[in-house]
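Novice: Submitted below is the structure of interest, expressed as structure tokens.
The values are calculated or read from the model by the stated rules, or taken from the named source; none is laboratory data. Computed from a predicted structure; not experimentally measured. Every residue, glycine among them, receives a Cβ derived from its backbone with ideal geometry; neighbour counts consider all protein chains shown. These accessible areas exclude ligands, DNA and RNA; they are computed on the full protein's heavy atoms, side chains included. Shrake-Rupley method; radii C 1.70, N 1.55, O 1.52, S 1.80 Å.
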Amino acid sequence: MDRQVLRPLSSSRSTLGTPSTTNENTVEIPDSFLTPPPVELYVPTVLHSSLQEYGKLKRKLNLAEAQYQLHQNNIVKIDSDDEDENIPGSFETPPKTPKQCQKKKVSITNSHSDNTEGATPRLPPKNKKQRVQRKAKPVPIATQLGGLTTKQLIDLVTEFTVKYPQLEEEICELIPSPDLTSMEQRLDYLHHNVYKSFPYTRWGSSRDSFCYKRVKTHLDAFKKECIDQGKTLMNSESWEAVINYILIAWKFVEKLPNWDNPAHNVQKKQCFKTLATICKKALKSSCFEKELYHSIKSRLEAVVEFDGAMNSCVEEVTAILKKMS
């Protein structure tokens, strides 16, 4: 049995493998189903064609989507131009219908009327106060005059007397005598600086040339201030204040150091001489009562003991008293 079955198979294989040669002129074409193309050539061609078709489809799809989006944008733009301004935007709340607004107004009025039936009617809200411009407060005259210099004050009073000459006598009667406190404090300060400038350690006398060089700057400052203040009072022609200042300054000049070298006492001598000259001019121009001259004479005689420059002032007072007697 086995041999009988296998024989036809072998015969069939032989028939399939070799083409039949019954007719010499006819060529037998192999069946495509039985003889597939080689794999090496078939797979690349199929993939290439499928990729090309996929790319074409994708481009068509993208083009269609772009055209559709452009078409939608044009539609939205046309619709937005045609719409009314009152139509709310995408982030705005829609307006209420007239019916809802009327109902709300009616409910508000009804509730307000119910609440106000048993109570007093409310007053309308007050309007906000308007901003008022700030007005400058009036500054007192004393405050304004406190910031002026001496020259400004003189010019002010002069212009006032020129404008109102009838008030000049009254103003002259109200002018007080000069205050000498500030002048005295200034002299005291400069006199203190003179002794403060002395060197702490020294090998010789405290009145020698070495100490004088250390103190000379402060001596010059004291001399200048002492003479300038006297001239200022002299120009004001307040004679009593001038004599009082001379007697005050004389005491400070007496306390200045006496140096070993007589040439170094120049500042002190100049102060004595200038103060005596100013005092003599003040006595000649003054017009005091007899009692005041007597008091001035006694004070001048006490000063003469320290320096003889004041002798001329004592003689002037004596001559004035003789004329008054």
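Novice: Ordered by packing density, taken as the mean number of other Cβ atoms within 10 Å over each peptide's residues, highest first, how do 294-306, 264-276 rank?
Specialist: Averaged packing, sorted descending, gives the order 264-276, 294-306.
Novice: Along the charge dipole of region 262-311, pointing to its positive end and built from +1/-1 on Cβ of Lys, Arg, Asp and Glu, which listed residue (292, 264, 310) has its Cα farthest out?
Specialist: 264
Novice: Which entries of 223/268; 216/280; 231/284 show an alpha-carbon separation above 18 angstrom in the structure shown?
Specialist: Distance filter (> 18 Å) returns 216/280.
Novice: Keeping all protein chains in place, calculate the accessible area per residue for region 251-315 (probe 1.4 angstrom), answer in Å².
Specialist: 56 Å²
Novice: Also, I was wondering about something else. In the calculated pair distance distribution of region 268-325, what percentage of Cα-Cα distances lie above 19 Å? Walk me through the numbers before you get to the answer.
Specialist: On the way: 387 of 1653 pairs.
Looking at region 268-325, the distances longer than 19 Å represent 23 percent of pairs.
Novice: Something else now. Roughly how big is region 176-303's charge dipole about its Cα centre, with Cβ charges of +1 (Lys, Arg) and -1 (Asp, Glu), in debye to the nearest 20?
Specialist: It works out to roughly 560 debye.
Novice: Also, quick follow-up: Can you bin region 124-227 into rounded, prolate or oblate? Criterion: square roots of the alpha carbon gyration tensor eigenvalues sorted a ≥ b ≥ c, rounded for a/c under 1.5, prolate for a/b above b/c, oblate for the rest.
Specialist: oblate
Novice: What list of ³J(HN,Hα) couplings, whole Hz, do you get for region 293-307 from phi and the Karplus terms 6.51, -1.76, 1.60, once you set θ to phi - 60° and write x for glycine and proline?
Specialist: Along region 293-307, the couplings run 5, 5, 5, 5, 5, 5, 5, 5, 5, 6, 7, 4, 4, 7, 8 Hz.
Novice: So, one more: Based on the mean of other beta carbon atoms within 10 Å per residue, what is the order of 216-222, 153-159, most packed first?
Specialist: Taking the mean over residues of other Cβ atoms within 10 Å, the ranking is 216-222, 153-159.
Novice: Using the Karplus curve 6.51 cos²θ - 1.76 cosθ + 1.60 with θ = phi - 60°, what ³J(HN,Hα) values do you get for each residue of region 55-62, in whole Hz, with x for Gly and Pro?
Specialist: So the Karplus estimates, Gly and Pro as x, are x, 4, 4, 5, 4, 4, 5, 5 Hz.
Novice: For region 219-256 and region 265-325, compute the distance between their C-alpha centroids and round to whole Å.
Specialist: Using only Cα atoms to place each centre, the spacing works out to 13 Å.
Novice: With a 1.4 Å probe and all protein chains left in place, how much of the accessible area of region 189-318 comes from carbon and sulfur atoms, in whole percent?
Specialist: On the way: 3720 of 7210 Å².
Percent of accessible area from carbon and sulfur atoms in region 189-318: 52.
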